[in-house]
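> Questions regarding the structure given below will be posed in turn.
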Amino acid sequence: MVRRGVEARSAGAASGLFTKPPGFDGEVKTMEYTLKELMTIMAAREIQDDDIVFCGTGISMVAAMAAKHINAPNSIIFFETGAIDS
């Protein structure tokens, strides 16, 4: 498991990437992600809008579908089974 939260925020504080907003005194909750989950989202971020994506099953399919719903709604997905997303 990869831990995200207070530990990660303090490590990135020097670059300003993970600092608390001004006036925020609340608790930063720690989230846990598996490496597969992180890899899936990183792959989804690589897919841009209007891309044509050929994907297999498993993580690549989940990444393609995540991209379609998050950041690339106009992408076209060709599945290895022959189906085409429209």
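> Work out, step by step, the length gained on full extension between Met39 and Ile70: first 0.36 nm times the residue separation, then minus their alpha carbon distance; give nm to one decimal. Before the final figure, lay out the partial values.
Details: separation 31, 0.36 × 31 = 11.16 nm, distance 1.53 nm.
Value of the extension gain: 9.6 nm.
> Ordering Asp85, Asp25 by how much accessible area each has at a 1.4 Å probe, largest first, what is the list?
Working: Asp85 35, Asp25 145 Å².
Largest to smallest exposure gives the sequence Asp25, Asp85.
> Taking all protein chains together and a probe of 1.4 Å, list Thr34, Thr81 from the most accessible to the least accessible. Don't skip to the answer; put the middle values down first.
Working: Thr34 50, Thr81 115 Å².
Reading off the accessible areas and sorting them downward yields Thr81, Thr34.
> For Lys20, what accessible area in Å² do you get when you roll a 1.4 Å probe over the heavy atoms of the protein chains, rounding to the nearest 10?
Accessible surface of Lys20 is approximately 110 Å².
> When the C-alpha atoms of region 42-86 are aligned to their principal axes, what extent does each axis show, in angstrom, from largest down?
Here the spans come out as 24, 20, 13 Å, largest first.
The values are calculated or read from the model by the stated rules, or taken from the named source; none is laboratory data. It should be emphasised that the depicted structure is a prediction, and the values quoted were computed from it without experimental measurement. Remember, those area values only see protein heavy atoms, side chains included, never the ligands or the DNA or RNA. Shrake-Rupley method; radii C 1.70, N 1.55, O 1.52, S 1.80 Å.
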